[in-house]
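Peer 1: A single structure is presented below for examination.
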Amino acid sequence: MSLPTSTLTVNDRAIEMPTKTGTIGPSVIDISKLYAQTGQFTYDPGFTSTASCESKITYIDGDEGVLLYRGYPIEQLAEHGDFLETCYLLLYGELPTAAQKADFDYRVTRHTMVHDQMNRFFQGFRRDAHPMAVMVASVGALSAFYHDSTDITDEKQRMVASMRMIAKMPTLAAMAYKYTIGQPFVYPKNDLDYTSNFLRMCFAVPCEEYQPNPVLSRALDRIFILHADHEQNASTSTVRLAGSSGANPFACIAAGIACLWGPAHGGANEAALKMLAEIGTPERVGEYVAKAKDKNDPFRLMGFGHRVYKNYDPRARIMQKTTHEVLSELGIKDDPLLDVAMELEQIALKDEYFIEKKLYPNIDFYSGITLKAMGFPTSMFTVLFALARTVGWISQWAEMIEDPSQKIGRPRQLYTGAPKRDYVTVAQRG
Ligand code: CMC
């Protein structure tokens, strides 16, 4: 059922604008003709009220704490599904049949190796390079290696590029890690599942046998599911914007990785762990909560708050359970960081400031502790996020390319700089 149009009065003139409805969630007022009708733009820095596209992939109800991939609640996918099944769902729109799943898993597995020349590309980096810097560069460089999947007008090439990125991201991420610690690269092993293979590429060494721990593999697989997509967040919007110009998919995903790196986005789990370490003991939590509330102090509690979730992030609940499973499997009973995290969560959830502003722990609050316990250094946390989010980015990119109404993304601005003025030569400048 379509809603009535909305009327906006601009300079005493009533402008009728169509209202569009989705399947669930708020409807939108279509302002695309507003400039032509009024000569005025809308102003919404940070896109707090602006939908930039139509999408069928992911739905979030931030007030209710709901996250759906293609209609399926994240809790059900995380409990019953696996990451590659989630990838299939995000890419194709439906859960696979058993045969489709076997075929998809096989195809991803057969794409896990990277061109051997990539090894030489890696040698150019300093050993102390941040692995996210290496990821931005190496994923962008894939377009220099796989010319046969950069024609975005060819549906088959688009799918090959998607499979390649889902398959090669763990290999590149593990290489980025191995390179920084000075260990040899470990090639993928195709009889392992996606996540066990990744753990092996990160933690195996040529001189010892490596047995993936199924509890850790399952926990990491679940972390990947939780991070697979999150509708039009900053990095996904970056991928769409880059893709809207016709850039190749490898370049677009590299742009997404660059955006994800920031501490307000994917870098928050690294920042959250650093903050927990800085707080150090549960007794000091109150002091840091006070700092976060102080208007004159720029400090924020990392891992708290979300642009969209104004309720408990559903991913954080699952992540909290996963954290406990991993710590128990590894026999970590008294983790000081976890003690600080628990105290912080309890205090913040009861504090008027956080209640009033609807600031709840987000997924990054727990993921850092879990990944650290698994043996990943903090600099790898955002890399793991990028690995998991690649499928979301590529699904959103493909959806955009396949949308016949797609055009290059080109925001407008409110200009507040100097008005037109004449050039003055250096000699005449006072
Ligand atoms: N600690 C203390 N105060 C906070 C925090 C926080 N973590 N987050 C927001 N606030 C306050 C903020 O000071 C502001 O107060 P006031 O209205 O008095 O000025 C109010 O809450 C609203 O904040 P905002 O910055 O306008 O909200 P936003 O929607 O623009 O920001 C956010 C969302 C995630 C950037 C922010 O909450 C934040 O910086 N959190 C810490 C970083 C973090 O954990 N980021 C991970 C996000 S989840 C992962 C992902 O999806 O990438």
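Peer 1: How about the range 87-128: which trypsin sites (Lys or Arg not before Pro) there are in a DSSP loop, with at most 15 other Cβ atoms within 10 Å of their Cβ?
Peer 2: R110, R126, R127
Peer 1: To continue, here is another question. Tell me, what ³J(HN,Hα) does each residue in the range 53-62 have, in order and in whole Hz, if you take phi through Karplus 6.51 cos²θ - 1.76 cosθ + 1.60 with θ = phi - 60° and put x for Gly and Pro?
Peer 2: Per-residue couplings from phi come out as 6, 9, 8, 10, 8, 10, 10, 10, 10, x Hz.
Peer 1: Might you report the magnitude of the Cβ-based charge dipole of the chain about its Cα centre, with Lys and Arg at +1 and Asp and Glu at -1, to the nearest 20 debye?
Peer 2: Dipole size: approximately 1380 debye.
Peer 1: List, in order, the whole-Hz ³J(HN,Hα) value for each residue of the range 4-19 obtained from phi through the Karplus relation with A = 6.51, B = -1.76, C = 1.60 and θ = phi - 60°; use x for Gly and Pro.
Peer 2: Coupling constants for the range 4-19: x, 5, 9, 10, 10, 9, 10, 6, 6, 10, 7, 10, 8, 10, x, 10 Hz.
Peer 1: Here's another thing I want to ask about it. Per residue, how large is the accessible surface of the chain? Use a 1.4 angstrom probe and give square angstrom.
Peer 2: The answer is 51 Å² per residue.
Peer 1: Given the protein chains as shown and a 1.4 Å probe, how many square angstrom of L216 are accessible, to the nearest 10?
Peer 2: Rounded to the nearest 10, the figure is 20 Å².
Peer 1: Right, here's the next one. Among the listed pairs K101/K178; K321/K372; K274/K310; K291/K357; K333/K372, give every one whose C-alpha distance is greater than 21 Å.
Peer 2: From the list (K101/K178; K321/K372; K274/K310; K291/K357; K333/K372), the Cα-Cα distance tops 21 Å for K101/K178; K274/K310.
Peer 1: Further question on the same structure: Based on DSSP H assignment, which helices of the chain show an axial Cα extent of at least 27 Å together with a mean Kyte-Doolittle hydropathy greater than or equal to -0.5?
Peer 2: 155-181, 381-402
Peer 1: Along the positive direction of the dipole of the range 66-259 (beta-carbon charges: Lys, Arg +1; Asp, Glu -1; about the Cα centre), which of V239, H115, T86 reaches farthest?
Peer 2: Result: H115, furthest along the dipole toward the positive end.
Peer 1: With each run of n ≥ 4 DSSP H residues scored as -39500 (n - 2.57), what mean residue ellipticity at 222 nm is computed for the chain after dividing by its residue count and rounding to the nearest 500 deg cm²/dmol?
Peer 2: When only DSSP H runs of four or more count, the value is -16000 deg cm²/dmol.
Peer 1: Taking θ as phi - 60°, what are the ³J(HN,Hα) couplings along the range 110-118 by the Karplus curve (6.51, -1.76, 1.60), each to the nearest whole Hz, with x for Gly and Pro?
Peer 2: Per residue, the Karplus-derived 3J(HN,Hα) values read 6, 10, 6, 6, 9, 3, 5, 5, 4 Hz.
Peer 1: Going through the range 328-430, which trypsin sites (Lys or Arg not before Pro) have at most 14 other Cβ atoms within 10 Å and a DSSP loop state?
Peer 2: K333, K357, K358, K407, R412, K420, R421, R429
Peer 1: Any idea how far the Cα center of the range 254-286 sits from the one of the range 1-71, in Å?
Peer 2: Their Cα centres are 32 Å away from one another.
The values are calculated or read from the model by the stated rules, or taken from the named source; none is laboratory data. Not measured: the values here are computed from a predicted model. As a convention, Cβ positions derive from the backbone with ideal geometry for all residues, glycine included, and neighbour counts pool all protein chains shown. Heads up: the accessible areas ignore ligands, DNA and RNA and are worked out on the full protein's heavy atoms, side chains in. Shrake-Rupley method; radii C 1.70, N 1.55, O 1.52, S 1.80 Å.
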